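Beneath this line is the structure, given in C-alpha coordinates, with notes to follow.
The values are calculated or read from the model by the stated rules, or taken from the named source; none is laboratory data. Treat the numbers as computed from the prediction; the structure is a model and nothing was measured. Counting neighbours? That spans all protein chains shown, and the Cβs are built from the backbone with ideal geometry, glycine included. Just the protein is used for accessible areas: all its heavy atoms, side chains included, with ligands, DNA and RNA removed. Shrake-Rupley method; radii C 1.70, N 1.55, O 1.52, S 1.80 Å.
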Amino acid sequence: MADPSQNDRFLDIVYQARTIDETRNMYDRWAETYDTELIDENAYAQPRRCAEMLSRYLKTRDAEILDIGCGTGLSGAALLEAGYRTVDGCDFSPGMLAKAGETGLYRRLFEADLNVPPLDAGDGAYGAAVAVGVFGFSHIDPDALDETLRVLAPSAPLVIGLNTHFYDDGALTEKLNALSAAGRIDRLAEEHGDHIRGTGVTGWVIAVRKAATG
(Lines give C-alpha, C1' and ligand atoms only; values in the text may rest on other atoms or scores of the structure.)
Protein backbone atom coordinates (compact mmCIF):
# COMPACT_ATOMS: atom_id res chain seq x y z
CA MET A 1 0.00 0.00 0.00
CA ALA A 2 1.28 3.47 -0.86
CA ASP A 3 2.03 5.67 2.13
CA PRO A 4 0.00 8.88 1.93
CA SER A 5 1.27 10.21 5.24
CA GLN A 6 2.78 13.29 3.58
CA ASN A 7 -0.26 13.93 1.43
CA ASP A 8 -3.65 15.31 2.41
CA ARG A 9 -5.38 13.77 -0.63
CA PHE A 10 -6.59 10.18 -0.45
CA LEU A 11 -9.18 9.67 -3.19
CA ASP A 12 -6.73 8.04 -5.59
CA ILE A 13 -5.60 5.46 -3.02
CA VAL A 14 -8.79 4.82 -1.06
CA TYR A 15 -9.11 1.24 -2.29
CA GLN A 16 -5.45 0.34 -1.83
CA ALA A 17 -5.97 -0.43 1.86
CA ARG A 18 -5.97 -4.17 2.49
CA THR A 19 -6.96 -4.47 6.15
CA ILE A 20 -9.56 -2.85 8.36
CA ASP A 21 -6.82 -1.16 10.40
CA GLU A 22 -5.25 0.34 7.27
CA THR A 23 -8.63 1.58 6.13
CA ARG A 24 -9.52 3.11 9.50
CA ASN A 25 -6.13 4.82 9.74
CA MET A 26 -6.52 6.27 6.27
CA TYR A 27 -9.98 7.66 6.99
CA ASP A 28 -8.80 9.13 10.30
CA ARG A 29 -6.12 11.06 8.41
CA TRP A 30 -8.46 11.93 5.56
CA ALA A 31 -11.09 13.50 7.82
CA GLU A 32 -9.62 17.02 7.69
CA THR A 33 -9.70 17.27 3.87
CA TYR A 34 -12.47 14.79 3.02
CA ASP A 35 -15.20 17.36 2.31
CA THR A 36 -12.85 19.53 0.27
CA GLU A 37 -11.65 16.65 -1.88
CA LEU A 38 -15.03 14.98 -2.35
CA ILE A 39 -17.40 17.95 -2.64
CA ASP A 40 -15.40 21.02 -3.61
CA GLU A 41 -12.94 19.33 -5.94
CA ASN A 42 -14.87 16.36 -7.32
CA ALA A 43 -18.62 16.98 -6.96
CA TYR A 44 -19.51 13.83 -4.98
CA ALA A 45 -23.05 13.05 -6.11
CA GLN A 46 -24.09 10.00 -4.10
CA PRO A 47 -25.24 11.63 -0.83
CA ARG A 48 -27.89 13.68 -2.59
CA ARG A 49 -28.83 10.85 -4.96
CA CYS A 50 -29.38 8.51 -2.01
CA ALA A 51 -31.42 11.08 -0.09
CA GLU A 52 -33.60 11.63 -3.15
CA MET A 53 -34.11 7.89 -3.54
CA LEU A 54 -35.09 7.56 0.11
CA SER A 55 -37.65 10.33 -0.37
CA ARG A 56 -39.53 8.15 -2.85
CA TYR A 57 -40.08 5.36 -0.35
CA LEU A 58 -40.16 7.16 3.01
CA LYS A 59 -42.71 9.95 2.95
CA THR A 60 -42.79 10.67 6.67
CA ARG A 61 -40.05 13.08 7.67
CA ASP A 62 -40.36 12.07 11.35
CA ALA A 63 -38.74 8.64 10.90
CA GLU A 64 -35.55 7.87 12.80
CA ILE A 65 -32.84 7.22 10.21
CA LEU A 66 -29.44 5.57 10.58
CA ASP A 67 -26.66 6.95 8.39
CA ILE A 68 -24.29 3.98 8.13
CA GLY A 69 -20.68 4.96 7.52
CA CYS A 70 -21.63 8.59 8.00
CA GLY A 71 -18.10 9.88 7.53
CA THR A 72 -17.88 13.65 8.05
CA GLY A 73 -21.64 14.09 7.65
CA LEU A 74 -22.15 14.59 3.92
CA SER A 75 -25.00 12.11 3.73
CA GLY A 76 -26.51 13.45 6.95
CA ALA A 77 -26.57 16.92 5.41
CA ALA A 78 -28.31 15.57 2.31
CA LEU A 79 -30.93 13.81 4.46
CA LEU A 80 -31.69 16.94 6.44
CA GLU A 81 -31.86 18.93 3.21
CA ALA A 82 -34.46 16.41 2.03
CA GLY A 83 -36.52 17.23 5.11
CA TYR A 84 -35.71 14.38 7.48
CA ARG A 85 -35.33 15.58 11.04
CA THR A 86 -33.90 12.73 13.11
CA VAL A 87 -30.66 11.16 11.89
CA ASP A 88 -28.15 9.06 13.82
CA GLY A 89 -24.76 8.25 12.37
CA CYS A 90 -22.18 5.52 12.83
CA ASP A 91 -18.71 5.06 11.41
CA PHE A 92 -15.61 3.00 12.18
CA SER A 93 -13.29 6.02 11.98
CA PRO A 94 -13.06 8.15 15.15
CA GLY A 95 -11.58 10.95 13.04
CA MET A 96 -14.57 10.99 10.73
CA LEU A 97 -17.01 10.84 13.65
CA ALA A 98 -15.31 13.84 15.24
CA LYS A 99 -15.85 15.88 12.08
CA ALA A 100 -19.46 14.69 11.84
CA GLY A 101 -19.99 15.79 15.43
CA GLU A 102 -18.86 19.32 14.56
CA THR A 103 -21.70 19.68 12.06
CA GLY A 104 -24.46 19.45 14.67
CA LEU A 105 -26.56 17.45 12.19
CA TYR A 106 -26.89 14.22 14.12
CA ARG A 107 -28.97 13.28 17.14
CA ARG A 108 -26.45 10.59 18.04
CA LEU A 109 -23.10 9.39 16.72
CA PHE A 110 -21.40 6.13 17.60
CA GLU A 111 -18.42 4.08 16.52
CA ALA A 112 -19.24 0.85 14.67
CA ASP A 113 -17.65 -1.76 12.44
CA LEU A 114 -20.44 -3.56 10.62
CA ASN A 115 -18.05 -6.34 9.72
CA VAL A 116 -17.87 -7.12 13.45
CA PRO A 117 -21.47 -6.92 14.77
CA PRO A 118 -23.46 -6.11 16.75
CA LEU A 119 -24.25 -2.44 16.20
CA ASP A 120 -24.99 -0.41 19.29
CA ALA A 121 -28.70 -0.24 18.44
CA GLY A 122 -31.75 -2.28 19.31
CA ASP A 123 -33.72 -4.60 17.08
CA GLY A 124 -35.99 -2.58 14.81
CA ALA A 125 -34.72 0.73 16.18
CA TYR A 126 -34.75 2.64 12.89
CA GLY A 127 -37.42 3.50 10.36
CA ALA A 128 -34.87 3.70 7.54
CA ALA A 129 -31.15 3.55 6.82
CA VAL A 130 -28.75 4.79 4.18
CA ALA A 131 -25.30 3.42 3.38
CA VAL A 132 -23.54 5.85 1.07
CA GLY A 133 -20.21 4.74 -0.34
CA VAL A 134 -19.53 2.21 2.41
CA PHE A 135 -19.94 -1.13 0.64
CA GLY A 136 -16.78 -1.74 -1.33
CA PHE A 137 -13.37 -3.34 -1.52
CA SER A 138 -11.63 -3.26 1.91
CA HIS A 139 -14.71 -1.54 3.34
CA ILE A 140 -17.99 -3.06 4.54
CA ASP A 141 -18.69 -6.61 3.36
CA PRO A 142 -22.11 -7.46 1.88
CA ASP A 143 -22.80 -9.84 4.78
CA ALA A 144 -23.12 -6.74 6.96
CA LEU A 145 -26.59 -6.40 5.46
CA ASP A 146 -27.77 -8.98 7.99
CA GLU A 147 -26.90 -6.70 10.89
CA THR A 148 -28.28 -3.68 9.05
CA LEU A 149 -31.63 -5.42 8.67
CA ARG A 150 -31.66 -6.31 12.36
CA VAL A 151 -31.76 -2.66 13.40
CA LEU A 152 -34.44 -1.74 10.85
CA ALA A 153 -38.13 -1.86 11.67
CA PRO A 154 -40.37 -4.09 9.53
CA SER A 155 -41.11 -2.47 6.14
CA ALA A 156 -38.32 0.11 6.64
CA PRO A 157 -36.44 1.15 3.48
CA LEU A 158 -32.68 0.85 3.05
CA VAL A 159 -30.83 2.87 0.40
CA ILE A 160 -27.32 1.91 -0.69
CA GLY A 161 -24.99 4.00 -2.85
CA LEU A 162 -21.90 2.35 -4.32
CA ASN A 163 -19.48 2.81 -7.16
CA THR A 164 -19.78 0.86 -10.40
CA HIS A 165 -16.56 -1.09 -9.78
CA PHE A 166 -17.96 -2.78 -6.68
CA TYR A 167 -21.41 -3.15 -8.21
CA ASP A 168 -19.86 -5.00 -11.17
CA ASP A 169 -17.98 -7.26 -8.76
CA GLY A 170 -21.37 -8.77 -8.00
CA ALA A 171 -20.90 -9.60 -4.31
CA LEU A 172 -23.44 -7.07 -3.09
CA THR A 173 -26.11 -7.92 -5.66
CA GLU A 174 -25.58 -11.62 -4.92
CA LYS A 175 -26.26 -10.95 -1.23
CA LEU A 176 -29.32 -8.87 -2.06
CA ASN A 177 -30.62 -11.62 -4.30
CA ALA A 178 -30.20 -14.15 -1.49
CA LEU A 179 -32.02 -11.91 0.99
CA SER A 180 -34.82 -11.39 -1.51
CA ALA A 181 -35.13 -15.12 -2.20
CA ALA A 182 -35.33 -15.75 1.55
CA GLY A 183 -38.20 -13.27 1.85
CA ARG A 184 -36.23 -10.89 4.05
CA ILE A 185 -36.31 -7.89 1.70
CA ASP A 186 -38.28 -6.52 -1.22
CA ARG A 187 -36.31 -5.00 -4.08
CA LEU A 188 -37.53 -1.50 -4.93
CA ALA A 189 -35.18 0.20 -7.40
CA GLU A 190 -31.70 0.31 -8.90
CA GLU A 191 -30.45 3.36 -10.76
CA HIS A 192 -27.14 4.02 -12.46
CA GLY A 193 -25.72 7.55 -12.55
CA ASP A 194 -23.09 9.86 -11.13
CA HIS A 195 -20.91 8.76 -8.25
CA ILE A 196 -17.93 11.12 -8.09
CA ARG A 197 -18.32 13.42 -11.07
CA GLY A 198 -14.85 14.90 -10.95
CA THR A 199 -13.19 11.52 -11.36
CA GLY A 200 -15.60 10.20 -13.98
CA VAL A 201 -16.52 7.28 -11.70
CA THR A 202 -20.18 6.33 -11.97
CA GLY A 203 -22.26 4.48 -9.42
CA TRP A 204 -25.52 2.86 -8.47
CA VAL A 205 -28.23 3.71 -5.98
CA ILE A 206 -30.15 0.67 -4.76
CA ALA A 207 -33.34 0.77 -2.68
CA VAL A 208 -34.78 -2.21 -0.84
CA ARG A 209 -37.38 -2.59 1.89
CA LYS A 210 -37.18 -4.89 4.88
CA ALA A 211 -39.94 -7.47 4.80
CA ALA A 212 -43.10 -6.53 6.67
CA THR A 213 -42.85 -9.69 8.76
CA GLY A 214 -39.66 -8.38 10.33
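All C-alpha to C-alpha distances of the stretch 33-159, sorted into 5 Å bins beginning at zero, yield P(r) values of 2, 11, 23, 25, 23, 12, 3, 0 percent in whole numbers. The dipole here belongs to the chain: it is taken about the Cα centre, uses +1 on the Cβ of Lys and Arg and -1 on the Cβ of Asp and Glu, and is about 840 debye.
In terms of overall dimensions, the C-alpha atoms belonging to the stretch 13-72 reach 39, 26, 18 Å along their principal axes, ordered largest to smallest. Helix 171-181 axis versus longest C-alpha principal axis of the chain: approximately 10°, rounded to the nearest ten. Take every pair of alpha-carbon atoms less than 8 Å apart whose residues are at least six positions apart; their mean separation over the length of the chain yields a relative contact order of 20 percent. With respect to the chain, whose longest principal axis is taken over its alpha-carbon atoms, helix 20-30 is tilted by about 70°. If you sort Tyr57, Tyr84, Tyr44 by accessible surface, 1.4 Å probe, largest first, the order is Tyr57, Tyr44, Tyr84.
Debye-formula intensities of the chain, expressed as log10 I(q)/I(0) at q = 0.12 Å⁻¹, are -0.56 (one equal scatterer per alpha-carbon, no solvent).
Candidate cross-link partners of Lys175 among the lysines, defined by an alpha-carbon separation under 30 Å and a same-chain spacing of 8 or more, comprise Lys59, Lys210.
Most fluctuating residue of Ala121, Ala100, Ala112 in a GNM of the chain with Cα springs under 10 Å: which is it? In this elastic network of the chain, the residue with the biggest mean-square fluctuation among Ala121, Ala100, Ala112 is Ala121. Express in % the proportion of alpha carbon pairs of the stretch 112-214 at distances exceeding 22 Å. It works out to 26 percent of all Cα pairs.
Taking all Cα pairs closer than 8 Å and separated by 6 or more residues, the relative contact order of the stretch 12-107 comes to 30 percent. Taking every protein chain into account, the accessible area of the chain amounts to 43 square angstrom per residue (probe 1.4 Å). Relative contact order of the stretch 78-125: 35 percent, from C-alpha pairs under 8 Å at least 6 residues apart in sequence. Between Gly89, Pro154, Val132, the Cα set farthest toward the positive side of the dipole of the stretch 70-214 (charges on each charged residue's Cβ, about the Cα centre) is that of Pro154. The angle between the Cα long axis of helix 46-57 and the longest principal axis of the Cα atoms of the chain comes to about 10 degrees, rounded to the nearest 10.
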